């Protein structure tokens, strides 16, 4: 066994033992894992070299070593081999995610809850899908005197609503005109294409009703801005409280910092991405890891993953995150394909 190959094997056993026990790992333990093929003295020498290279550290004098963030990064990039899910496990996930396909958000929400439950970790997601959806219908429903609910229904099955309070009465004729004009001009238009010019043209289309109907149009404008913003969701955060080494105050700060969360999630690219606490200034939870992936094909509709301590069983967790991404992507693509077909008909 060559020196570099042997040291990588030693690093593998140290990380695995540390994940299992949470305790510093000594040369004797590694020697046993190597079936005594290498002497403890050689292992100690290699451990010292790995420490000098920054992959290991010695928390106490005369104690064993533990992996550093650099050591975990090498473990992830060069060593770990995720297990394959069985066909039955994949089918169970697919069936679970297809239980509610009323909207894309419902599929993602369902996936998030299931991923948290299966892994015993916190699951987090960002959902950009409404941004890429097109308008199917806009409705305005009277809910009280001078109070109206404005609804936007999208091709992805999302139904967004916002209350509009008027300062004066409008007639049924005006209300009908507003809905017909809005649907004529917006049906089939991508929410992502909404801008001030679009709403300026809508205002112009209102003609003599522009002043009286402007509060409804303003409400619609605000809704389009809200829909375009990524939706952040977190489930199973209480799971993190059971892990030693994760500080409650850091967890609270992280969960309240949605802007920073969104920046991390939106940085995901194809495949599995792993972010370690302290390795990333915007990831506020020390001694932790975030296993992250995106979903969507032609567009990055969003991303999701799990948060836990750095001492995770990556071989077990990574396959679940990866397959959830594949399954969610497949279901969403089918849903949007059906929606486009219906729009065409």
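The values are calculated or read from the model by the stated rules, or taken from the named source; none is laboratory data. The model shown is predicted, which means the values in this text are computed figures rather than measured ones. Cβ: placed from backbone, ideal geometry, glycine included. Neighbour counts: every protein chain shown.
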| field | Checking residue 135 against (1) in a strand (DSSP E or B); (2) surrounded by fewer than 18 Cβ atoms within 10 Å (Cβ to Cβ), the condition it does not meet | value | (2)
| said: I need the full set of residues from the stretch 307-328 which are within 16 Å of residue 97 (Cβ to Cβ), surrounded by 17 or more Cβ atoms within 10 Å (Cβ to Cβ) and within 13 Å of the chain's Cα centre (by Cα), in order please. | reply: 321, 324, 325, 328
| request: Among the residues of the stretch 81-97, count how many are within 19 Å of the chain's Cα centre (by Cα) and in contact (Cβ under 8 Å) with a residue 40 or more places away in the chain. | output: 3
| task | State which residue is nearest to residue 159 (Cα to Cα) when the search covers only the stretch 176-217 and only residues that are outside any helix (DSSP H, G or I) and touching a helix residue (DSSP H, G or I) at 6+ places or on another chain (Cβ under 6 Å). | result | 194
| said: Quick check on the stretch 224-239. Is at least one of its residues under 22 Å from the mean Cα position of the chain (by Cα), at pLDDT 85 or above and surrounded by fewer than 15 Cβ atoms within 10 Å (Cβ to Cβ)? | reply: yes
| query | When the residues of the stretch 28-65 are filtered to those that are closer than 25 Å to residue 244 by Cα and touching a strand residue (DSSP E or B) at 6+ places or on another chain (Cβ under 9 Å), which remaining residue is surrounded by the fewest Cβ atoms within 10 Å (Cβ to Cβ)? | reply | 59
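Under 28 Å from residue 313 (Cα atoms) and in contact with a strand residue (DSSP E or B) (Cβ under 8 Å, 6 or more places away or on another chain), is that true of residue 122?
yes
If you check 16, 35, 3, which single one turns out to be at pLDDT below 90 and in contact with a helix residue (DSSP H, G or I) (Cβ under 9 Å, 6 or more places away or on another chain)?
Answer to the selection: 3.
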| Unique residue being modelled with pLDDT under 90, surrounded by fewer than 23 Cβ atoms within 10 Å (Cβ to Cβ) and touching a helix residue (DSSP H, G or I) at 6+ places or on another chain (Cβ under 7 Å) when the list is 276, 301 | 276
| Looking at the stretch 240-251, which of its residues are surrounded by 13 or more Cβ atoms within 10 Å (Cβ to Cβ) and assigned to a helix (DSSP H, G or I)? | 240, 250, 251
| residue 82: at pLDDT below 95 and either crowded, with 17+ Cβ neighbours inside 10 Å or in contact with a strand residue (DSSP E or B) (Cβ under 6 Å, 6 or more places away or on another chain) (or both), yes or no? | no
| query | (1) part of a helix (DSSP H, G or I); (2) within 30 Å of residue 55 (Cα to Cα): which one isn't true of residue 81, the others all being true? | reply | (1)
| said: Please pick out the residue among 288, 212 that is within 30 Å of residue 77 (Cβ to Cβ), surrounded by 14 or more Cβ atoms within 10 Å (Cβ to Cβ) and modelled with pLDDT of 75 or more. | reply: 288
| request: Would you confirm whether any residue within the stretch 240-247 is modelled with pLDDT under 90 and over 31 Å from the mean Cα position of the chain (by Cα)? | output: no
